Amino acid sequence: MTFADLGLSDELLRAVNDAGYNEPTPVQRAAIPPVLMMKDLIAIAQTGTGKTASFVLPMIDILAHGRSRARMPRSLILEPTRELAAQVAENFEKYGKYHKLSMALLIGGVQMGDQVKALEQGVDVLIATPGRLMDLFQRGKILLTGCSMLVIDEADRMLDMGFIPDIEEICTKLPATRQTLLFSATMPPPIKKLADRFLSNPRQIEVARPATANVNIEQMLVPTSTRTKRETLRRLLRAEDVRTAIIFSNRKTTVRDLAGSLLGHGFAAGQIHGDMEQPERLKELDRFKAGDINILVASDVAARGLDIKGVSHVFNFDVPWHPDDYIHRIGRTGRAGATGKAFTLVTPEDDEAVANIEKLTGQTIAREVQAAEPERAPEPSAPSPDRARDRRGGRSGRGRRDDQKRDDQRRDDSRRESRSETEINSGPVENERWNGPVPAFLGFGIAV
Ligand code: AMP
């Protein structure tokens, strides 16, 4: 099947061709025809499947006719994070280049003035995060009564982030006769309820989870302990042919600590997490995309859905609390036919979380066979010429591991933070802010 078979306009086909896509993905094949027929849609699909184009493409053709009016957007796309909203906007630019549609992006963390100006001129497509949209709505800057198309993207993530009440309220502000498309990687009961209430006679489609079916991603569990996690990570980073890597952690505080620690160990690492201001996040992403840094330490929320080409490795510094997040995380690599590797550091406390992931994916993940802990040679009083050379030359094997261990120990001791890693790793505190002293190595452009 080709894109031409889906009933898209010639202009769109040209834009798709320019983007280099020859064949629609399964979600595009299943979603585009009913959306063009103005049907409501529930799509169980996650990022990496091509789902964004599955709503952006038909929306462009539907909106090609008709005119926008001041403050009354003609369509609304709700995204859980600013990054995803920005990515959808990029998709509109890419596929809408032969159309004359106007678009506004309404996201927190950027100046509201320009966004309001764009709205006042009238827009065909409004892409927004729920918080900023509600804010502007309450200030009377926006009317949703002219919105005949609504897309709720990443609905399960919206649920995780507590956006469902906002979304319900937004839905009630839109005209009852509208077309609604809901995308979600999973369908937990609250999302089902939302769909029952706000969608009318929807077509339901489901595409295979790409990560579970994605044979391009080699997965591995790496046993470690809470105390030696950073060291294990550094070992992997050095041993692997890492071109670009995203390292996921469950908490913002760990993201900050780990990025600082990796920098201190000479890795070109950056970070992205929910406490950073938008311009700062985008700057880090740009550095990563441009190759100025090749390691990005990230929290789930900040990295959700990020589409960065050519990520060779994903490391889960922490096993995610939700098995779904595992699939989302590892899906950052092995994209668009490329191969990728996903390593997950596991401590004995993670057994249950790992079992849940394996249950969800239906796969047993291979476990790295641990080499026996090398016996430590007695410390020589002065380094032999060989040892000195080895230190400079960077060798592999036991000597290097020992050197690293000592090196790490020294660094970790000298940077003793106000909290131990064990404390950082206990309990869900995604929203917590660092309120302890800020060690010097954390002082590189971090908003604390
Ligand atoms: P998404 O699931 O929307 O995050 O898209 C995942 C990636 O697939 C993005 O890099 C898209 O540019 C890419 N993509 C979308 N549609 C196609 C297609 N038909 N063929 C190949 N790649 C695609």
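A short reminder: the numbers here are calculations on the coordinates, not readings from a lab. Please read all numbers here as calculations on a predicted model, not as lab measurements. Cβ coordinates were reconstructed from backbone atoms using ideal geometry, including for glycine residues, and neighbour counts include every protein chain displayed.
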Charge tally in the Cβ shell below 15 Å around L76, where Lys, Arg are +1 and Asp, Glu are -1, L76 excluded: -2
Distance between the C-alpha centers of region 21-68 and region 307-368? Whole Å please. 28 Å
Cross-link partners among lysines for K39, C-alpha distance below 17 Å, same-chain residues fewer than 8 apart left out? K51
If the cut-off is 28 Å between C-alpha atoms, which lysines fall inside it for K117, apart from same-chain ones fewer than 8 positions away? K94, K97, K100, K141, K173, K283
Please give the net charge around E277, taking every other residue with its beta carbon less than 12 angstrom from that of E277, where Lys and Arg add +1 and Asp and Glu add -1. 0
Can you spot the lysines whose alpha carbon is less than 21 Å from K229's alpha carbon? Ignore those fewer than 8 places along the same chain. K252, K341, K405
What is the set of long-range amide H partners of Q204 at a cut-off below 5 Å, with H atoms built 1.01 Å from backbone N? I42
